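K.L.:
One structure coming up, written as structure tokens, with questions to follow.
The values are calculated or read from the model by the stated rules, or taken from the named source; none is laboratory data. No experiment lies behind these values; they were computed from the predicted model shown. Counting neighbours? That spans all protein chains shown, and the Cβs are built from the backbone with ideal geometry, glycine included.
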Number of protein chains: 2
Amino acid sequence: MKSLLFQLILASFVLSNFDNNVNAGHTSVFVRKEWPSEDIPLDHEVFAVPTGHNAPQQVHITQGDYDGKAVIISWVTPDEPGSSKVQYGTLKGKYEFTAEGKMTNYTFYKYNSGYIHHVLVDGLEVTIFTWEYDTKFYYKIGTGDSAREFWFQTPPKIGPDVPYKFGIIGDLGQTYNSLSTLEHYMQSGAQTVLFVGDLSYADRYQYNDVGIRWDSWGRFVEKSTAYHPWIWSAGNHEIEYMPYMDEVVPFKSYLQRYPTPHLSCKSSSPMWYAIRRASAHIIVLSSYSPFVKYTPQYEWLSEELMKVDREKTPWLIVLMHMPIYNSNEAHFMEGESMRAVFEEWFVHHKVDVIFAGHVHAYERSYRISNIRYNVSSGERYPVPDKSAPVYITVGDGGNQEGLAGRFLDPQPEYSAFREASYGHSTLEIQNRTHAFYHWNRNDDGKKVATDSFVLHNQYWSSNLRRRKLKKHHLSSVLKRIASY
Amino acid sequence: MKSLLFQLILASFVLSNFDNNVNAGHTSVFVRKEWPSEDIPLDHEVFAVPTGHNAPQQVHITQGDYDGKAVIISWVTPDEPGSSKVQYGTLKGKYEFTAEGKMTNYTFYKYNSGYIHHVLVDGLEVTIFTWEYDTKFYYKIGTGDSAREFWFQTPPKIGPDVPYKFGIIGDLGQTYNSLSTLEHYMQSGAQTVLFVGDLSYADRYQYNDVGIRWDSWGRFVEKSTAYHPWIWSAGNHEIEYMPYMDEVVPFKSYLQRYPTPHLSCKSSSPMWYAIRRASAHIIVLSSYSPFVKYTPQYEWLSEELMKVDREKTPWLIVLMHMPIYNSNEAHFMEGESMRAVFEEWFVHHKVDVIFAGHVHAYERSYRISNIRYNVSSGERYPVPDKSAPVYITVGDGGNQEGLAGRFLDPQPEYSAFREASYGHSTLEIQNRTHAFYHWNRNDDGKKVATDSFVLHNQYWSSNLRRRKLKKHHLSSVLKRIASY
């Protein structure tokens, strides 16, 4: 009966929900009193190199397959190749199983990377092992005195009513503000990070310092990334097109360091892919790879959207770096190119929410669409559209470029809430119909109401589906009564 | 005095010019009575393999550097690697000089390509040789009985009043209509082809036939490409994203076969580049590579546009596959993504004309721009703009997909002339101020007025420049008088 009660409590809350009422948007006058927008010095303890010869550092994990039955574990050994083995098991200190991966390294200008290890842990390498959902696994990498131990929690088996809490972080960098965001996220109780691009801001450096700041960032975020999977998408700061030092291959450092499970969803590139986790189908797009009609990303997305099964994973979430709707002066209209190509699909497939970064502020849109825009005739501005996603920009991780404090005035009709402060978001899925969303401003010290709302599932909130759900609830209640 | 007289004759012609008067557009009701839209069978003589063991085939040339002081000569030897040497000289049969290049080959599914040779002829390989402008060179490739001889004409030295005649062809394919277009171009007196993408349509085939139809196309166009440089740009049919046969690397066949001089203009990819030829600065863009802000193509174009010197090369021409303005139902609005990114630059830099393909019909725009389009407010449709380029779609080369016969009705205000017939265009530059443009419908049999106009140079037609030019003319007339 708990879930029925929960529905009733929600019902009253929902009355004031933005989903149903498009009101004038709100521009928060609060501006986060920020730390200086400077990177933390390299000798700071947040970048500390772990003790021991060739000790593994920059440890991070991400989902390793389509459905969460695998994890990719990555790390760097600085001095020599070392081993690409992971030992793991469900008891701390007792590692029954071993997985072995691959080692790679690269150069960037005259910087030589450490030895980068990527290991897929999918439970297939040992016959006695069966993957277990929703289970804490401990793992160990490195050898002897330099060995290090961490843990991760496998996700629950995917299903329509599986609750899960995601954190959303973008444009993080490695300043004191970045640190504040990271720690704030770690206190949020979220289980997995959806990262919307711009990781280290190493490209703000020159020559060998680019590689060095990738390494420092890897150590900086390890206290989260070694334990929680971060679902990666790439931003413009990952491109690293630097002709002056003869480095022109896009995403070179990023692709070496941050693998994604793109093959398991038949993507031809690690830059765009999809995963299913708990009750969510998460699609990661690449703003800076080709996406127009006929390109691989376009063809892949077209097929991936057909594979989405809202009966199994009701929540359809899209990540990209460049926001499609943005009313900040910074990067205004940069999303038009992708909007022109994909917006129609997002509306047609009733995407629940699209998270982006890029703009160093927070913004949330109403459900609007501009799909009737036509260069020759017709409607030419975004209009309310119940089938449209909510667009949320969380580019406020806290990097060295600082905040984007100038919003278009007056606030465009599509913009619901905006504020130029650092922070991160959380999306707490309750069941197939409802999720709690919060934007969490950093370091408030005292409780300040920031942006939050109940997100109604776009598939299960339609009348048809609601009737179906009612029937489903009724029959489950009857079953439970019968079982007494 | 000849040029002054020429100016006077032009003056009367110009009065009715579309540049100055935006009238209602014209939709031609004529539809080219076409050959069946089928590829010519492989055993047809147009695809004949040259006689002799391992004889070079699929010979083609393109400009080899920024300013036309080099040529890239490419060909395929089918049976064995053979030699990558080109012998050449200014007298037929007497080849004083030798250049040597590189050989490559590739696989596509189970197809193994022939041995593909690319040789840069730039006159630097022999100390006794000096590159000569505007000169006919003869060249020989292959050895013994299998040797073959061709010729090419080096371009005139770049300069503001150098006349030159370009042909423009797009979406060619290998049908009887393609053949008609090719032969029609060869009779036009044009000196170089600006090719706007979609070469062979080999991707309409499956498995090994893809490679086979690339080879047949190479032989099909050789009667022009071995003698005239073709300036290549890539279309969607070059992408060849074919996951069902595990071929997912974009542009694989194209990049192996059709090199471009991208390094000489500091482009990081053969997909986008620029050349200067006669009095024209020609910029080639890639519709299906990343082009949004921060991407290499965007950064490169930003710098390349700054390098354009209209005092040296008055004509600024851009090639791309996907048209930015199009009023055909086929591919309508596909150009929006690139329009949103680059249109402002094209207007700011007063590009003279933009040639595209993709739509299998012919269309020409008025000088219009939509740069005031704003997702929040403001003007929202294309308006007359004297600084804007003319957009011309020449996607009517004659490939197997047939014509795109359905235009938007009513004709949008930006559309000046459109007709669904096969053909090609020519741009005959007279001097720094004027060029004659023609669209040439294939095989008319009798004279039918098709689209033609005088293109006024966007830089030299402004009042300021006209005054400067008048002064320049006056002083040169005075000099000539003084020299009597």
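K.L.:
Just the residues that are touching a residue at least 40 places away in the same chain (Cβ under 8 Å) and in contact with a Phe, Trp or Tyr (Cβ under 9 Å, 6 or more places away or on another chain), please, taken from the range B:79-93.
P.N.:
B:G82, B:V86, B:Q87, B:Y88, B:G89, B:T90, B:L91, B:K92, B:G93
K.L.:
Considering A:I317, A:I354, which residue is closer than 24 Å to A:G405 by Cα and either touching a residue at least 24 places away in the same chain (Cβ under 8 Å) or in contact with a helix residue (DSSP H, G or I) (Cβ under 8 Å, 6 or more places away or on another chain) (or both)?
P.N.:
A:I354
K.L.:
Under the condition of being of a type in the set (V, I, T) and farther than 17 Å from B:V390 by Cβ, which residue from the range B:294-340 is farthest from the other protein chains (Cβ to nearest Cβ)?
P.N.:
Among residues in the range B:294-340 that are of a type in the set (V, I, T) and farther than 17 Å from B:V390 by Cβ, the one farthest from the other protein chains (Cβ to nearest Cβ) is B:T313.
K.L.:
Answer yes or no as to whether B:E344 is in contact with a Lys or Arg (Cβ under 6 Å, 6 or more places away or on another chain) and surrounded by fewer than 24 Cβ atoms within 10 Å (Cβ to Cβ). Steps first, answer last, please.
P.N.:
On the way: in contact with a Lys or Arg (Cβ under 6 Å, 6 or more places away or on another chain): no; surrounded by fewer than 24 Cβ atoms within 10 Å (Cβ to Cβ): yes.
Spelling it out, it is not the case that B:E344 is in contact with a Lys or Arg (Cβ under 6 Å, 6 or more places away or on another chain) and surrounded by fewer than 24 Cβ atoms within 10 Å (Cβ to Cβ).
K.L.:
I need the full set of residues from the range A:373-393 which are touching a helix residue (DSSP H, G or I) at 6+ places or on another chain (Cβ under 7 Å) and within 13 Å of another protein chain (Cβ to nearest Cβ), in order please.
P.N.:
Across the range A:373-393, the qualifying residue is only A:V375.
K.L.:
While we're on this one: Among the residues in the range B:84-99, are any under 27 Å from B:D246 (Cβ atoms) and not charged (D, E, K, R)? Before the answer, list the steps.
P.N.:
Going residue by residue through the range B:84-99, those that are under 27 Å from B:D246 (Cβ atoms) are none.
No, the conditions are met nowhere in the range B:84-99.
K.L.:
Looking at B:N370 and the list (1) closer than 26 Å to B:S188 by Cα; (2) within 14 Å of chain A (Cβ to nearest Cβ), which single condition is not satisfied?
P.N.:
Answer for B:N370: the failing condition is (1).
K.L.:
Tell me which of these B:H360 doesn't satisfy, since it passes every other one: (1) crowded, with 19+ Cβ neighbours inside 10 Å; (2) over 30 Å from B:P160 (Cβ atoms); (3) within 13 Å of chain A (Cβ to nearest Cβ).
P.N.:
Just one mismatch for B:H360, condition (3).
K.L.:
Determine if the range B:322-338 includes at least one residue that is in contact with a helix residue (DSSP H, G or I) (Cβ under 7 Å, 6 or more places away or on another chain), under 30 Å from B:L182 (Cβ atoms) and crowded, with 22+ Cβ neighbours inside 10 Å.
P.N.:
The answer is yes; a qualifying residue exists.
K.L.:
Turning to a different aspect of this structure: Out of B:L263, B:L301, B:L316, B:L305, which single residue is farther than 19 Å from B:D198 by Cα and assigned to a strand (DSSP E or B)?
P.N.:
B:L316
K.L.:
Kindly check whether there is at least one residue in the range A:273-293 that is within 14 Å of chain B (Cβ to nearest Cβ), within 28 Å of A:P160 (Cβ to Cβ) and outside any loop (DSSP other than H, G, I, E, B).
P.N.:
Yes, the conditions are met somewhere in the range A:273-293.
K.L.:
Within the range B:271-286, is there a residue that is within 22 Å of A:N236 (Cα to Cα) and touching a residue at least 40 places away in the same chain (Cβ under 8 Å)?
P.N.:
yes
K.L.:
Restrict the check to the range B:234-246 and report whether at least one residue is over 19 Å from the mean Cα position of the chain (by Cα) and more than 12 Å from chain A (Cβ to nearest Cβ).
P.N.:
yes
K.L.:
Oh, and also: For the range B:286-312, give me each residue that is surrounded by fewer than 24 Cβ atoms within 10 Å (Cβ to Cβ) and in contact with a His (Cβ under 7 Å, 6 or more places away or on another chain).
P.N.:
Within the range B:286-312, B:L305, B:V308 meet the criteria.
K.L.:
Has the range B:83-105 got any residue that is on the phi > 0 side of the Ramachandran plot and at pLDDT 95 or above?
P.N.:
Scanning the range B:83-105 turns up no residue that is on the phi > 0 side of the Ramachandran plot and at pLDDT 95 or above.
K.L.:
B:E344: more than 11 Å from chain A (Cβ to nearest Cβ), outside any loop (DSSP other than H, G, I, E, B), without any contact (Cβ under 8 Å) to a residue 60 or more places away in the chain and of a type outside the set (A, V, I, L, M, F, W, C), yes or no?
P.N.:
On the way: more than 11 Å from chain A (Cβ to nearest Cβ): no; outside any loop (DSSP other than H, G, I, E, B): yes; without any contact (Cβ under 8 Å) to a residue 60 or more places away in the chain: yes; of a type outside the set (A, V, I, L, M, F, W, C): yes.
So B:E344 fails the test.
K.L.:
For A:V221, which of the numbered conditions (1) within 14 Å of another protein chain (Cβ to nearest Cβ); (2) in contact with a strand residue (DSSP E or B) (Cβ under 9 Å, 6 or more places away or on another chain) fails to hold?
P.N.:
It is condition (1) that A:V221 fails.
K.L.:
Further question on the same structure: Which residues, taken from the range B:232-271, are surrounded by fewer than 23 Cβ atoms within 10 Å (Cβ to Cβ), β-branched (V, I, T) and touching a strand residue (DSSP E or B) at 6+ places or on another chain (Cβ under 9 Å)?
P.N.:
Of everything in the range B:232-271, just one residue is surrounded by fewer than 23 Cβ atoms within 10 Å (Cβ to Cβ), β-branched (V, I, T) and touching a strand residue (DSSP E or B) at 6+ places or on another chain (Cβ under 9 Å), namely B:V248.
K.L.:
Out of the residues in the range A:8-51 that are among the charged types (D, E, K, R) and modelled with pLDDT under 75, which is surrounded by the fewest Cβ atoms within 10 Å (Cβ to Cβ)? It would help to see each step written out before you state the result.
P.N.:
Keep residues of the range A:8-51 that are among the charged types (D, E, K, R), which gives A:19, A:32-34, A:38-39, A:43, A:45.
Those left that are additionally modelled with pLDDT under 75: A:19, A:32-34.
On the way: A:D19: 16, A:R32: 22, A:K33: 10, A:E34: 18.
Checked the range A:8-51; the qualifying residue surrounded by the fewest Cβ atoms within 10 Å (Cβ to Cβ) is A:K33.
K.L.:
Answer with yes or no whether B:L255 is closer than 30 Å to A:V359 by Cβ and more than 12 Å from every other protein chain (Cβ to nearest Cβ).
P.N.:
For B:L255, the condition - closer than 30 Å to A:V359 by Cβ and more than 12 Å from every other protein chain (Cβ to nearest Cβ) - is not met.
Residue-wise test of (1) closer than 23 Å to A:K165 by Cβ; (2) touching a residue at least 40 places away in the same chain (Cβ under 8 Å).
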| residue | (1), (2) |
| --- | --- |
| A:S365 | yes, yes |
| A:S369 | no, no |
| A:S387 | no, yes |
| A:G397 | yes, yes |
| A:A420 | no, yes |
| A:S425 | yes, yes |
| A:R432 | yes, yes |
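K.L.:
Let me ask something additional. Exactly one condition in (1) hydroxyl-bearing (S, T, Y); (2) touching a Pro at 6+ places or on another chain (Cβ under 7 Å); (3) within 26 Å of A:Q458 (Cα to Cα) is false for A:S387; which is it?
P.N.:
Going through the list (1) hydroxyl-bearing (S, T, Y); (2) touching a Pro at 6+ places or on another chain (Cβ under 7 Å); (3) within 26 Å of A:Q458 (Cα to Cα), A:S387 breaks only (2).
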